[in-house]
Amino acid sequence: MKKTLHTLLLALLIIPTTGISLVSCSDDASESVLPQISRKEARAQLKKKGIKKKQYDDALFSAALKGDCDLVQLLIIAGADVNKRHVFSSEENSTSYTPLSIAISSGSSSPSAKRMVVEYLLAAPDIDPNVMVDVGDESKTVLEFAEMRGMMEIAELLRAAGAK
């Protein structure tokens, strides 16, 4: 499973994620959660970066994994599916993630970037804050997972968004 996940994560790193600047991924979350730009403008910026519409969902998954707050914002505005599941299968088992669950379970971003990515995803109008994440042989909600890992600030964001 680790080898399969590692291969997939390496493939996701190919999607370009630099040079997009909207609301900075800072520790100050007091600004508007998602910037007020049009879907058309967001799509134009993504096109300039070489990200096509059919790549939005995979790019959102990759950006959430890496903690790329700017790209997460842009993809949400452009219409990426925030609830899309990516399934990783191996001979031993199968695991599925959404951008929200991978953002929370990933250790590849700083705590502040992780918090901002979660906040942006939870601001998406059709987000499901009750997705499951696989932990060993069992599944937990993202809220349970955040609490289990001691991410109390993220757990509070999830509760505020309706997670149970």
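Determine whether region 136-147 contains at least one residue that is open to solvent by 10 Å² or more (accessible area, probe 1.4 Å) and aromatic (Phe, Trp, Tyr). Taking every residue of region 136-147 in turn, at least one turns out to be open to solvent by 10 Å² or more (accessible area, probe 1.4 Å) and aromatic (Phe, Trp, Tyr). Taken over region 126-153, the residue count meeting the criterion of being touching an Asp or Glu at 6+ places or on another chain (Cβ under 9 Å), of a type in the set (Val, Ile, Thr) and at pLDDT 90 or above is 0.
The values are calculated or read from the model by the stated rules, or taken from the named source; none is laboratory data. These numbers were taken from a predicted model, which means no experiment stands behind them. Here the Cβ is made from the backbone with ideal geometry for all residues, glycine too, and neighbour counts use every protein chain on show. Quick note on the areas: whole protein, heavy atoms, side chains included, nothing else; ligands and nucleic acids left out. Shrake-Rupley method; radii C 1.70, N 1.55, O 1.52, S 1.80 Å.
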